[in-house]
Amino acid sequence: MTNKQYLWNNMRGGWEALLLSTQTTTLRPIHQEAQYWPALGAPIGRSTRGASSRLPEEHMVVLLKESWCIVSPTLEPRYQICARLHKKQVPDDSGAYYGADIGEERDPPGQIRQTKQLYKAINPLKHTLRTLRRYRIILEYFPFTLKESGVTRELAIVLRDASIAHGKAATSAKFLHPDMSNRNIMFKRNGNGSVEGYLIDWDLSMDLTLAYDQSTGIQPERMGTWQFLAIRLVQPNETGKPLIQDRIDGVESFYHLILWMALRYTAHQLDSATLTHMSHRNFDAMYKDPETGEVDIGTMRRANMKSGDLSDEAKFANGGIREVLLQMRHVLCQRYIDPEDAFGNSKKFEAQRKAAEVKKVEGLKALEDPNWLPNLLNGVLEEEKVDWVTNEARVDHGLGKYPSNP
């Protein structure tokens, strides 16, 4: 059926009545099949829904997305974010064509409601009200989720493309995407069989042109997905509040995401029970401080980053994904390694300590380059000696239920 929508045309810069052809009048929930813990203090009641639709004039299939947008002086409307990404030529953004608050033509206030904002997911009695505005946006339609990549090499290509968008958005368009997760990276397959990855859902992006006071903490919905957050964001800190993430935290999130995907969907030697146990401790664990009520992930994610033990135990069978994880970890772990703690002041280990200090400086400097991760992934993808073919097929590993504490 064809229905009439008043939306802002991002390409023409004006309001217009848009004829939109949809197969159904019901929008389906997006990310309905998500099977992981939500981010701490995740937004409540945004009711994001979407449906594949067709623009008759352009003869193209698009995604009509409807959601409740959080009204905040630090949050740009989604279609304005996409316009800035496009202006700065950020590759692989989600190609917003139209977008607006729901309302009459030239009358954008639309529908408004208030809902409870949870400061801590573990303490639902502590809340305040916030305002949300209903909006719709028309985006380019991407048919495949990250877990639907065919072979391991495709996974690396899709993540490389998403990392390019993440880095350029932060440095050129001055928007930081806060959530590197499997639900926010999609891809399409071209006629020749090649794949292109896209970083999507920029709604809650941080506008880096604004000043953020670290001491005030951050909106909980901008914390990202717990399983993939940088280690420093999920461990206790001096402020007692969630830290505001930066671009390098997002780069580290790519590592945790790649490791999670490799454990779930590539060949390795961990049985179901061991995989369930180790995955829970590295990605899902959440421990509450009985005195402060603050939560953290414990020590396992940090320990695995520094030692590489989780990858070593898994013994990934595909050479490409194994090399990607190895190269990423050896640089990212420098964020958490203290050479003095490792070697002390003993003269016996003076040479090792100095070498570790040099490696740390080099690693942190490398991470300042927004092209570090895309270049690393390109290098491994193009290296002839890296075997991407052996054990390249997708493997679905079954996870058991992690036993709760008695």
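The values are calculated or read from the model by the stated rules, or taken from the named source; none is laboratory data. All values derive from a computational prediction rather than experimental measurement. Neighbour counts run over all protein chains shown; Cβ positions are idealised from the backbone, glycine included.
Whenever a residue of the stretch 285-298 is of a type in the set (Asp, Glu), its partners that are surrounded by 14 or more Cβ atoms within 10 Å (Cβ to Cβ), lying with C-beta atoms within less than 7 angstrom and at least six residues away or across chains, give the pairs Asp296/Val234; Asp296/Gln235. Checked against (1) surrounded by fewer than 16 Cβ atoms within 10 Å (Cβ to Cβ); (2) touching a His at 6+ places or on another chain (Cβ under 8 Å); (3) of a type in the set (Phe, Trp, Tyr), Tyr287 passes all but a single condition, namely (2).
Looking across the stretch 75-91 at every residue that is surrounded by fewer than 23 Cβ atoms within 10 Å (Cβ to Cβ) and assigned to a loop (DSSP other than H, G, I, E, B), the one that is modelled with the lowest pLDDT is identified as Pro91. How many residues does the stretch 146-169 contain that are closer than 14 Å to Pro370 by Cα and either among the aromatic types (Phe, Trp, Tyr) or under 14 Å from the mean Cα position of the chain (by Cα) (or both)? Total meeting the criteria: 9. Among the residues of the stretch 157-175, are any surrounded by fewer than 21 Cβ atoms within 10 Å (Cβ to Cβ), at pLDDT 75 or above, among the charged types (D, E, K, R) and at positive phi? Yes: the stretch 157-175 contains one or more residues that are surrounded by fewer than 21 Cβ atoms within 10 Å (Cβ to Cβ), at pLDDT 75 or above, among the charged types (D, E, K, R) and at positive phi.
Looking for whichever is in a helix (DSSP H, G or I) and among the aliphatic types (A, V, I, L, M) here; the options are Leu275, Leu270. Which one fits? Can you show your working first?
Details: Leu270 fails: in a helix (DSSP H, G or I).
Exactly one residue qualifies, and that residue is Leu275.
Suppose we filter the stretch 290-301 for residues that are of a type outside the set (A, V, I, L, M) and either within 18 Å of Met180 (Cβ to Cβ) or surrounded by 21 or more Cβ atoms within 10 Å (Cβ to Cβ) (or both); how many remain? Please lay out each step first, then the result.
Within the stretch 290-301, the subset of a type outside the set (A, V, I, L, M) is 290-294, 296, 298-299, 301.
Filter again for either within 18 Å of Met180 (Cβ to Cβ) or surrounded by 21 or more Cβ atoms within 10 Å (Cβ to Cβ) (or both), leaving 301.
Counting residues in the stretch 290-301 that are of a type outside the set (A, V, I, L, M) and either within 18 Å of Met180 (Cβ to Cβ) or surrounded by 21 or more Cβ atoms within 10 Å (Cβ to Cβ) (or both) gives 1.
Scanning the stretch 175-210 for residues that are closer than 16 Å to Ala83 by Cβ, charged (D, E, K, R) and not in a loop (DSSP other than H, G, I, E, B) yields a single hit, Asp207. Of the helices (runs of 4 or more DSSP H) contained entirely in the stretch 313-406, those carrying at least 3 residues that are among the acidic types (Asp, Glu) fall at 350-367. Checked against the criterion of being touching a Ser or Thr at 6+ places or on another chain (Cβ under 6 Å) and surrounded by 15 or more Cβ atoms within 10 Å (Cβ to Cβ), the stretch 323-333 has at least one qualifying residue.
Taking the conditions exactly as written (at pLDDT 95 or above and more than 26 Å from Val151 (Cα to Cα)), does Arg247 satisfy them or not? Yes: the conditions hold for Arg247. Among the residues of the stretch 278-312, those identified as acidic (Asp, Glu) and either more than 15 Å from Tyr402 (Cβ to Cβ) or assigned to a loop (DSSP other than H, G, I, E, B) (or both) are Asp289, Glu291, Glu294, Asp296, Asp309, Asp312. Residue pairs whose Cβ atoms lie under 9 Å apart, sitting 6 or more positions apart in sequence or on different chains, and linking a residue in the stretch 241-258 that is more than 13 Å from Glu368 (Cβ to Cβ) to a partner that is among the aromatic types (Phe, Trp, Tyr) and in a helix (DSSP H, G or I), are Glu252/Phe228; Ser253/Phe228; Phe254/Phe228; Tyr255/Phe228; His256/Phe228; His256/Phe283; Leu257/Phe228.
The set of residues in the stretch 332-383 that are in contact with a Phe, Trp or Tyr (Cβ under 6 Å, 6 or more places away or on another chain) and of a type outside the set (A, V, I, L, M) comprises Phe343, Phe349, Gln352, Arg353.
On inspection, Glu252 qualifies as part of a helix (DSSP H, G or I) and acidic (Asp, Glu).
Scanning the stretch 239-284 for residues that are among the hydroxyl-bearing types (Ser, Thr, Tyr) and within 29 Å of Lys174 (Cβ to Cβ), we see that the one that is surrounded by the fewest Cβ atoms within 10 Å (Cβ to Cβ) is Thr239.
Taking the criterion of being among the charged types (D, E, K, R), over 26 Å from Gln269 (Cα atoms) and surrounded by 16 or more Cβ atoms within 10 Å (Cβ to Cβ), the residues of the stretch 350-406 that qualify are Arg353, Lys359, Lys360.
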